[in-house]
Structures are given as C-alpha cells and as structure tokens.
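The values are calculated or read from the model by the stated rules, or taken from the named source; none is laboratory data. All figures in this text were calculated on a predicted structure; none of them were measured in a lab. Counting neighbours? That spans all protein chains shown, and the Cβs are built from the backbone with ideal geometry, glycine included. Side chains included, ligands, DNA and RNA excluded: accessible areas come from the protein's heavy atoms. Shrake-Rupley method; radii C 1.70, N 1.55, O 1.52, S 1.80 Å.
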There are 2 protein chains.
Amino acid sequence: MADQEVRTRRGGRSGNKRRDRATAITQMPWSLPINLDKPTEPLDEEGVAAIHNGAMRVLEEIGIEFLNPESTAILKAAGCTVSGENVRMDRDFVMEKVGLAPNQFTITPRNPDRKIIIGGKHIVFGSVSSPPNCSDLDRGRRIGDRESFRDFLKLCQYFNCIHFTGGYAVEPMDIHPSVRHLECLYDKLILTDKVVHAYSLGKERVEDVMEMARIAAGLSHEEFDASPHMYTNINSTSPLKHDYPMLDGAMRLARRGQPVVVTPFTLAGAMAPVTMSGAVMQSIAEGLAAIVLLQCINPGTPVVLGTFTSNVDMKTGAPAFGTPDYMRATQMTGQMARYYGLPLRSSNACAANCPDSQAAWESAFSLWACLSSGTNKVYHGAGWLEGGLCASYEKFIMDCETIQQMIAYMQPITINEDELGFEAIKEVGHGGHFFGVQHTQDRYETAFYSPFLSDWSNFENWEDRGAVRTPERANKIWKAILEEFVPPPMDPAIDEELQAFVAKRKEEGGAPTDF
Amino acid sequence: MADQEVRTRRGGRSGNKRRDRATAITQMPWSLPINLDKPTEPLDEEGVAAIHNGAMRVLEEIGIEFLNPESTAILKAAGCTVSGENVRMDRDFVMEKVGLAPNQFTITPRNPDRKIIIGGKHIVFGSVSSPPNCSDLDRGRRIGDRESFRDFLKLCQYFNCIHFTGGYAVEPMDIHPSVRHLECLYDKLILTDKVVHAYSLGKERVEDVMEMARIAAGLSHEEFDASPHMYTNINSTSPLKHDYPMLDGAMRLARRGQPVVVTPFTLAGAMAPVTMSGAVMQSIAEGLAAIVLLQCINPGTPVVLGTFTSNVDMKTGAPAFGTPDYMRATQMTGQMARYYGLPLRSSNACAANCPDSQAAWESAFSLWACLSSGTNKVYHGAGWLEGGLCASYEKFIMDCETIQQMIAYMQPITINEDELGFEAIKEVGHGGHFFGVQHTQDRYETAFYSPFLSDWSNFENWEDRGAVRTPERANKIWKAILEEFVPPPMDPAIDEELQAFVAKRKEEGGAPTDF
C-alpha cells in the first residue's frame, strides 16, 4: 500500500526515508464505495419521458450552438443539420450515439492502486475545483497562491475518502497563466498519485497535461491511449452553447480515449427555465449534444453526464446551492442519466460564506443529493465555500468527515443469526448491559463509524477542553496533516523527465493567455 | 386562520387587540407534509424476516419484564405466559394484537386547524423534549426555568413547520415537581394551540393533562374519549423491561383512546447488542410488547412505534446521534414498522455541544434519516443539542430552517409542457437569459424555496454586513420572534376553567414526587 511505505520529501527532494502511516488522524482506508441504496426518483415514467421528449425537441427544433468549426464539421458529416454554429440533430441519431458511451469505466492514475471506477453503483469523491480565493481561520480569506494550492493537494492526497483531484483546488494566481498548468500539474503529480484533471482551456494546456500524466505513469503513448488515465470537465455556456476551448479540449481527450465530463451550468431562472424540471431538460439537451459529438469522434469514448442545475435567489439573482430545489434537480438528472445509460456527476456545493452551520447543512444536503441521485462522481467534494469562489482549509476537513460518514453509511448491512445477537440478548437478560458480553467484545472496535472531527464528549468535558467548535478543531487537524505530510513515492527518473518537460515547455512559452 | 386574527396577551391577559401576521421572518404556511419518496430500505426481504423472527423469539423465549402488576394481569388474562414480572407471548398472538392498531390516525388539539395526521405518507415535526438545560448565545448554558420553557413554547407555536409539542422543551426546574405538570400544561395550552403531550410519570400527571387538554378543547368527556386529542411517549428500560409509571400512563391513555408512542431506548453496545441490526431487533421486541398490552386493553388504540436506536462511542461509552449507524437503524426500524403496519417515530438528534457545523451536519443526517425511513412523527425536531441534555434557542431556529427546506423538498414535482418551458427556451434561444421572459415572470416569486436563516449573499456583501455567522443570525431571529409573539386566541371562559382546575389541583398537592 502506498500509505505504508512512502518516501519523504521533507527537507528537499533528495530526502529518502521510510515512515510509518500518518498519525494526525485515524482515517478510513482507501476504498471504492458502492452505493447499494435505490436512488430517490422524483419523476415517474411519464416525467422521465416528458423531459426526454423536451430535450430531444430542443436538439431537433432549436439546436445547440457549437462555437468551434471543427466540431460543426464533424457533426455535419455525421448527418446533423448545421446552420452556421447552430446544430440540430434528430432523436434517433442522438440515442444511437449516446448508446455508444460506456455505462462504467475506470481511470488509472500513475499509482494503479488509486484506480477509480466511474459508473454503475460506484461513487467517488474529488476535491473542490477552481476557486480564485482560499481561506483559513488564521489568515482569513485571500487570493489563491501556489503555497495554498500545494496545501490543498496535500490534503487531497492525505485523505483516503478523496479519490481524485479536480481542477486546481485553489487558483494559484502567483503563477503566470501561460505556465500555470505546467507548474500546477507538476505539483499535482508529485504531491499526489491520484487521478488528475486537465482544464479544457486551449490545446497546449490539454496536450501538456495528457503528456505529463503519461510521463508520470511511465506509459508509452500507445499505452496511455489504450485506456483512461486522466479526464477533463467541460461546461456548456448556457443557454444552448458550447464554446471553442471547451469543445477543443474535449475533442482532444476523446481522440485519445480519455474521459470527458460534460456539465451544463444551468441556473434555473437565469440561464435556464425557472422550473427545476425545465432547467434539467435544457441541461440534458446541452449535455447530450456534446456527448454526441465525442461519440462521433471516437465511438465508446468514456463520458459522464454532469449536473450543475440549481436555483438562484430570485430577489438578488445570486446562485444558491444545497437547496431543496438543487437536490431535486440532481435526483431528476440522475434518473435521466440512468435512462441514457450514462454515469452521473454532481457536486458538494454550498452558498455559505464561512464554514459554519449553514455551510454544514447545505453541504450535507448536497452530499445526500449525490447519494440519493445515484451520482457516480462527486466533484467539489471537499473544501468548497461561497458558491465555489473560495476553498476553505477548515471546510475541507469538515467535508472529509461527512464524506467518511457517508462511506460508512454505504457499508452493506449483514444480517445473520450471529450478527443479530439473540444469544447475547438472552445472556444479558433483563438487567445489566452489553459492554462486557463476548458478542460486544468481538465487535466493539469496528462496530461503529468512528469520527476524527466530531466531538462526542459531554458538555462538561468539551467545556473543560476549551469548548472548541468544529471549525477550530478542523483548523488544528489540517495543520497537523500538512506538518506530517509525506508525498507518495515517485521514481526519480520520472521526476526528472517531468521536470525536463516542464522546463522545455516553459522555454517555449507555455500556453497563450489570450483566452 | 389562527395566524390572521389573534388576541394579544402582551401586557397581561386582559390585553385584547387584533394584529397582523407576524413579521419577524417570512415563513411557510402551516401544512401537513406528505413524503412521497420511496423509503430507503437497507434490509432485503430475508433481512426483515430475520429481524422479525429474532424479535418474536425474544418475546417467545426470553420475555419482557412488565414492572406493573396491572399490566401483567391483563397480559396473563389474554393468554401470555407470565412468571412474576416476566411475560412471554407467542408470535401469532403478537401479530394478531399488533394488527389491531391503526396504520394512520389523527390527533386534534384545541384548535382543530392544527389537527395532525400520524401515519401513512404523512410526516409531522415536533419540538425538542425534556432537556434539563437550555442555552443561548447571550446567556450561555443554564438550568432550565419557566421563562425559558415559555420561550420555547412561543417558538413552537410561531413556526408553522412545528406541528406538535413534545414534552417540556426545557425542564422548568424552578417549578416544584409536584405541580410542574399543572403550570406547564397551563402555559402550553395558553401559549400554543397545537397538539400537547403528557409525561407518563404517575397517574396524577397523566390524568391532569388529559383533563386540561379536554377543558382547553371545550369537549365533554365523551367527546374527548371519542378520538385522539393528545398523546404520550413511553420508553422501555432496555434491556427488555417496561417500568411502572410508563406502563401506567400508557394504559390510562389507551383506555381513553389517546395515542401512545412506544420508544425503546436501545443504544447498541450498551443496552442492546453492539450490531445495529441486533439493537433494532431488541427494540422491536420491546416496542411490540407494550403495543400488544395496549391493544389488549383497548383494541384499535392508536400507537406509534418509536426508534431511539443509536450507537455509543466505544472509547467512552457516550451516546452518539446523527451517525451513519443511527441512520441505518432508523431506516431498518422504518422497514419493520411498515411490516407491522405501524406509524414510525424517530428524532432529530445530535451529539454536538453547541450550534456549530457538527450540530448542523448531525441534525441534517438525522432529519434525512427521518425522511428516508418513512418516519411519520419526528420527535425532538427543533432545538436539541448535547444528546438531548440541552435545548438551544439558536439551534431551534436552525432546525426550523432545515425542516422548512425538507418540507419544500417534499412538494410534489409537476411535469407538464408548460412547466418544462420549451417555449421559453425557444424564446431565449442561444443568447440572453431567462430573467425577463413571461415563463419566469409568472413563477419567480414561488418557484424556489426561500430561506429565512440562510445567507445567500456574496462574500463582500456578507462581510459588509458584519460577517454574521449562522448562530448569530439565529440569535437575532428568535429575539424578534419572542418580541412580536402573540398567543393564539382562547375563550376567556375556558381560560378561567383551566386556571380554576390548576388552582384546585395545586391545593390538593398536585402529584407525588417520590418517583
């Protein structure tokens, strides 16, 4: 296991000693959770049919704009009705192409033990992606920088309940945008061994990330292209548009068999109809349109249908997350994803501005929406605040606690004579307690989920220890984790190759910044 | 509507003026929510059968102790095997008696508009019950007193999402126990017009509460006995015992057709087997035993199967709530309740010591357990902290916000051509937004749930307004509510009759305090 034998990088990259497993907290082992509960389905069969029919009518009668000439050419060649940037496609064609996408696939990062499965009954969690700001209780809220970016990578690597990395957990604004992706991917590949993500923001960024992920995994180009090793996420420009760089990036990945998550960003009442069902319908149309394109390019390309449908505060227009409407939109999209045989992505989102009670209940609502919708890939799983504008160190820890609890919740329940403990009940009878009986002794260490952040002590003990609230406890934990963090092992030759690639590409100027 | 025309009691009971609807917050109207989602069922058919079989074996082979001679005499006469206090009953008898209990019933308080339905797809929420302590941000944590007790009654009456009162939201320790029930019920019946509860702590308390509920509703004894007007909740003394006063109170209510919630308190690993399934099995045996007794006394007595099965922290023995194990136990009990055709009670519980993020996620987990288990009656719905040892003013407000959100979540989703908004999508096309279109204008005021406590503003606005965290916002809200509180109208003649009853019973000494 990568956790047991690690090479420390503290004191410079040349440092090399073995350490025991981290001790800042006792956490769950790495696992790929399986969500066996039946999803919650707010739509009946007619409802699913109505949303499908509406989405197909959008694709047939209104069309989606593809702001990328290559994509329109491909779709035209495939038989779509193309008029300038607008593409209309009929439902039989859509269903045929969508049917080519796999229901489940794997992504294998540089450490094969950190392979993830996307689809079926599986659910995996990733870190927050792309906030421009970060915050912690000591330093307050500030513009993201490389140090914070690295801190979040370390947290992401540390927690076994975080299965993959998203986009930058915080945008390192102190690195020039032309070379940011190079520096960031290098950090990511050194500090984590989990699945990485590429931003679809211009061909250089996408190609560089694929190349670096390939080098880090020690694969030939053929080996890399043979199965998924990283992924991208693209958003539509709602209503009804896909923009140039997103399409470009998605097409580049599709050609190399790498997975694309397609996530329309449809805020009901703003970029989509004010009804959640209407917003879901539009989101489905936008999502499927891009998925069709990718299947035309490379039939069988692994894709994920994403949902980012929520409501706005109609008084201010501000987006809201983790709301009842958000939950229902996520569940409805889950029904549609299963109807199309596609894996589902949703998010652990909230609107709260600090890691307080509102943040906790909004995130709990979002996470229950993930579980109850049959979500396969949870984006923004840990650390998100402010509708995605801030990555919070403390919130990251809080989210890992609740994600762990949900993973514990997903453990299958075993019912048999021995588990039920009739004999123990008989033994204890009408007096006494169960602490001492063998049935308890055999199981008590693992019987229940044991939290690392929740404080279950009584009020007096809690007060004696300083009445420390959750965010303050989380603050201590992330510091302890960063203090003892040890990066995953990496072959020095590969490290050198990565460094050389970054140096070369920086010399070449990196990527254009005119996007 | 009781909300529209009320008699103020501010400035003494003689005050009498009409006021407009309260304005501290904009809340949802009173409604009886219907939970249309399919419950989450962790057990398969064999699992349900195994727990049922185990519970029946407990009743057949081990037996339950009934520490009340009247109850054992009744059960003996009904054919049970009674040996001292231990009662064994065979499964056919149990199933026959349990089958007499209704699947659904109503409870009508003094204001018939506040009638609640218990069972079927209905779910109703009550306030926290029985903590000895209360707390708020200004005064900290303190022993409960009558003023705080009254404050919680006012909050309970104010919020339309709170459908019934539980036991005392905080124990008023400054009222002598012999007369506490009289003073408290008077306060409750004056400050609220919702369903009230009687503690099963001796015959005087139970009989007095029934009498006062009858007087407050202006009913004859016959009218009162004809249908449910209040209820009690009894707990078993796990393992496998029912104590004297609980049984006495339950039997008194059963004779008068008043509902009894039977809630075994089975902490897995302490008073029940360390496995959640085993603890549920024991809980079912204990619960059904009491329900059988009540059906022997008065066939068709409305009863509710309660669950209070959770886990303990195996390091300290401290009870934990809102945990993954707690959720599964609640869902399993829900399956068993449906198997027996009984309504289900569970709780909004948490272990947190202050209304922070942990309190919020634990309560969110508990509330989602309520919804996903098919719970019909949510006890401790608002205000609970510290495993039930403290009633928090701020937590009450937070819980009402999340309960409102869950009620909004339960609104059925309408799917039709008009709702889906295909024409609006066509109208907006590929540019612009949906704010201005008629489809939005027709719906925007009611399209989404609108919170009263959540702050959805952006960080800058939130910071400009003082960066107020959730508990501090809740603090302002409960003060505003108490400030403008107006009690529900009551006929002065009934008020006088209640006062006279309380005075007479106090003169008689109230209830013995040797329990």
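Could you tell me which numbered condition B:Gly436 fails, if it satisfies all but one of (1) of a type outside the set (Ser, Thr, Tyr); (2) in a loop (DSSP other than H, G, I, E, B); (3) facing chain A (nearest Cβ under 8 Å)? Result: B:Gly436 fails condition (3) only.
For the range B:32-47, filtering for residues that are more than 9 Å from every other protein chain (Cβ to nearest Cβ) and open to solvent by less than 20 Å² (accessible area, probe 1.4 Å) leaves 2. Would you pick out the residues in the range A:473-502 that are closer than 30 Å to B:Ala391 by Cα and open to solvent by 60 Å² or more (accessible area, probe 1.4 Å)? If the condition is that a residue be closer than 30 Å to B:Ala391 by Cα and open to solvent by 60 Å² or more (accessible area, probe 1.4 Å), then A:Lys476 is the only one that fits. On the given criteria, is B:Ala250 open to solvent by less than 10 Å² (accessible area, probe 1.4 Å) and within 14 Å of another protein chain (Cβ to nearest Cβ)? So B:Ala250 fails the test.
Here the strands (runs of 3 or more DSSP E) wholly within the range A:98-204 that include at least 2 residues being open to solvent by less than 40 Å² (accessible area, probe 1.4 Å) and either among the basic types (Lys, Arg) or over 30 Å from A:Ile284 (Cβ atoms) (or both) are A:133-136.
Is one or more of the residues making up the range B:421-441 closer than 30 Å to B:Lys121 by Cβ and free of Cβ contacts under 8 Å to residues at least 40 places away in the same chain? Yes, there is a match, as at least one residue in the range B:421-441 is closer than 30 Å to B:Lys121 by Cβ and free of Cβ contacts under 8 Å to residues at least 40 places away in the same chain. When the range A:218-230 is filtered for residues that are over 21 Å from the mean Cα position of the chain (by Cα) and open to solvent by less than 30 Å² (accessible area, probe 1.4 Å), only A:Phe224 remains. On inspection, A:Ala503 qualifies as assigned to a helix (DSSP H, G or I) and away from chain B (no Cβ under 14 Å).
Okay, residues lined up against (1) under 24 Å from B:Phe448 (Cα atoms); (2) over 21 Å from the mean Cα position of the chain (by Cα); (3) open to solvent by less than 10 Å² (accessible area, probe 1.4 Å):
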residue	(1), (2), (3)
A:Thr232	no, no, yes
A:Arg255	no, yes, no
A:Pro259	no, no, yes
A:Ala268	yes, yes, yes
A:Val292	no, yes, yes
A:Val312	yes, yes, yes
A:Lys315	yes, yes, no
A:Ala329	yes, no, yes
A:Arg338	no, no, no
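Residues considered: A:Ile34, A:Ile25. Of these, the only one that is over 25 Å from A:Ser200 (Cβ atoms) and touching a His at 6+ places or on another chain (Cβ under 7 Å) is A:Ile34.
Could you list, in sequence order, the residues of the range B:50-64 that are out of contact with any His (no Cβ under 9 Å at 6 or more places or on another chain), under 19 Å from A:Gly431 (Cα atoms) and either open to solvent by 10 Å² or more (accessible area, probe 1.4 Å) or facing chain A (nearest Cβ under 7 Å) (or both)? Matches in the range B:50-64: B:Arg57, B:Val58, B:Glu60, B:Glu61.
The conditions of being within 7 Å of chain A (Cβ to nearest Cβ) and either over 30 Å from A:Val274 (Cα atoms) or in contact with a Leu (Cβ under 6 Å, 6 or more places away or on another chain) (or both) are not met by B:Pro488. Considering the range B:264-286, and only residues there that are touching a Pro at 6+ places or on another chain (Cβ under 8 Å) and assigned to a strand (DSSP E or B), the residue that is farthest from B:Cys370 (Cα to Cα) turns out to be B:Ala272. When the residues of the range A:452-472 are filtered to those that are more than 8 Å from every other protein chain (Cβ to nearest Cβ) and under 35 Å from the mean Cα position of the chain (by Cα), the one that is most open to solvent (accessible area, probe 1.4 Å) is A:Glu472. Restricting B:Val209, B:Val261 to residues that are in contact with a strand residue (DSSP E or B) (Cβ under 9 Å, 6 or more places away or on another chain) and part of a helix (DSSP H, G or I) narrows the list to B:Val209.
Could you tell me whether any residue of the range B:294-305 is in contact (Cβ under 8 Å) with a residue 40 or more places away in the chain, open to solvent by less than 10 Å² (accessible area, probe 1.4 Å) and either among the basic types (Lys, Arg) or within 12 Å of chain A (Cβ to nearest Cβ) (or both)? No, the conditions are met nowhere in the range B:294-305. Determine whether A:Thr275 is buried (at least 24 other Cβ atoms within 10 Å of the Cβ), of a type in the set (S, T, N, Q), more than 24 Å from B:Glu427 (Cα to Cα) and at the interface with chain B (Cβ under 7 Å from one of its Cβ atoms). Considered against the rule, which asks whether it is buried (at least 24 other Cβ atoms within 10 Å of the Cβ), of a type in the set (S, T, N, Q), more than 24 Å from B:Glu427 (Cα to Cα) and at the interface with chain B (Cβ under 7 Å from one of its Cβ atoms), A:Thr275 comes out as no. Scanning the range B:48-85 for residues that are in a strand (DSSP E or B) and either under 31 Å from the mean Cα position of the chain (by Cα) or modelled with pLDDT under 95 (or both) yields B:Ile64, B:Glu65, B:Phe66. When the range B:446-469 is examined, which residues are found to be assigned to a loop (DSSP other than H, G, I, E, B) and polar (S, T, N, Q)? Across the range B:446-469, the qualifying residues are B:Thr446, B:Ser450, B:Ser454, B:Ser457, B:Asn458. Would you confirm whether any residue within the range B:473-485 is within 13 Å of another protein chain (Cβ to nearest Cβ), touching a residue at least 12 places away in the same chain (Cβ under 8 Å), in contact with a helix residue (DSSP H, G or I) (Cβ under 9 Å, 6 or more places away or on another chain) and not in a helix (DSSP H, G or I)? No: zero hits.
Among the residues making up the range A:310-340, those that are farther than 24 Å from A:Leu253 by Cβ and of a type in the set (Ser, Thr, Tyr) are A:Ser310, A:Thr316, A:Thr323, A:Tyr326, A:Thr330, A:Tyr339.
Taken across the range A:287-305, residues that are modelled with pLDDT of 95 or more, in contact with a Ser or Thr (Cβ under 6 Å, 6 or more places away or on another chain) and assigned to a loop (DSSP other than H, G, I, E, B) do not occur at all.
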